[in-house]
Structures are given as structure tokens and as C-alpha cells.
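Report on one structure; see the data block that follows.
The values are calculated or read from the model by the stated rules, or taken from the named source; none is laboratory data. These figures come from a predicted structure and were not determined experimentally. Cβ atoms come from the backbone with ideal geometry, glycine included; neighbour counts cover every protein chain shown. All accessible areas refer to the heavy atoms of the entire protein, side chains included, with ligands and DNA or RNA removed. Shrake-Rupley method; radii C 1.70, N 1.55, O 1.52, S 1.80 Å.
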Amino acid sequence: MTVTIYHNPNCGTSRNTLAMIRASGEEPVIVEYLEAGWSPDLLRSLADQIGKPLKALIRDKGTPAAELGLLEEGVSDDDIIAAMVEHPILVNRPIVVTHKGVALCRPSEAVFALLDNPPTQFVKEDGELISWSHARC
């Protein structure tokens, strides 16, 4: 199985998700999107596969989303995509792609539903113990 994670190594949720993938026995393709950037087609495709509007993929915390007016009503998808391409930090993370689907893995344990062999238990960076039977997906 190929697993791809759109990853920000500065984000604890993204680091936890990556560690959960590795704990499942998979070594994912890691796309550090702050360096690689985004294409409009990829952003549209990921949003479509997740089943959410592009606006749902905007990260407002620690980004210029509010200053750019992206959190206002009526912002077009084209404006959102243009801003995300120019400011990759605007895309919420991590996004994980597997043969089971695509998800914005917030919380990080949402990734369990995308893995063939999720770990039965996992300890997050902050010490929180997550069990697959208790994961919120």
C-alpha cells in the first residue's frame, strides 16, 4: 500500500500522524508542502476526495487567512486556491492519502481508518495514549 502524507514537520499533529503511519509498518511518501508548494489541481483533487469544500481546508491559526479575507463569507474557490498556492501554510495539515481514502487527519488518530494495520495503541508526543478502539475518526 502506498501512503502519502502532506506534512509539516513543525506541527505536532502532523508529527504524530507520521509516527502513527510508521507504527503501522508503512513508510509513507512524505511531501513537505511548505517546501514543495501546492498546485491548484492537487488542491482541488484533495478537497474533492476528502469530500469537503476548499474553505474547510484553510488553517486560520498561525496563518494570514484572516488578513487575506479567506474566512469571510462568499470567498471563491479560485481566491482560496490562489492564496494557498502563494501561502502554502494556509492549508490545514496533515492530509493523508491511501487506497482507503483521503483525510485531513485532525485529530491525528483519524489516520487509523486509512491504514491497513493501524497500531492498537499509540502514545502521542504529549503523552496521551490512543487506542484504535477509542479513536475518533
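At a glance:
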{"item": "Count of region 29-50 residues which are of a type in the set (A, V, I, L, M, F, W, C) and part of a helix (DSSP H, G or I)", "result": "7"}
{"item": "Test: G51 is surrounded by 12 or more Cβ atoms within 10 Å (Cβ to Cβ), modelled with pLDDT of 95 or more, on the phi > 0 side of the Ramachandran plot and not hydroxyl-bearing (S, T, Y)", "result": "no"}
{"item": "Search result, residues across region 54-65 that are surrounded by 13 or more Cβ atoms within 10 Å (Cβ to Cβ), closer than 15 Å to P88 by Cβ and either within 16 Å of the chain's Cα centre (by Cα) or at pLDDT below 95 (or both)", "result": "L54, L57, I58, R59, T63"}
{"item": "E26 being open to solvent by less than 50 Å² (accessible area, probe 1.4 Å), acidic (D, E) and either outside any strand (DSSP E or B) or modelled with pLDDT of 95 or more (or both)", "result": "yes"}
{"item": "Filtered residues of region 1-23 (kept if assigned to a helix (DSSP H, G or I), closer than 30 Å to V75 by Cα and open to solvent by 20 Å² or more (accessible area, probe 1.4 Å))", "result": "G12, T13"}
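To keep it simple, each residue is scored yes or no on (1) closer than 30 Å to W132 by Cβ; (2) modelled with pLDDT of 95 or more; (3) out of contact with any helix residue (DSSP H, G or I) (no Cβ under 9 Å at 6 or more places or on another chain).
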residue: M1; (1), (2), (3): yes, no, yes
residue: T13; (1), (2), (3): yes, yes, no
residue: I21; (1), (2), (3): yes, yes, no
residue: G37; (1), (2), (3): no, yes, no
residue: E67; (1), (2), (3): no, yes, yes
residue: L70; (1), (2), (3): no, yes, no
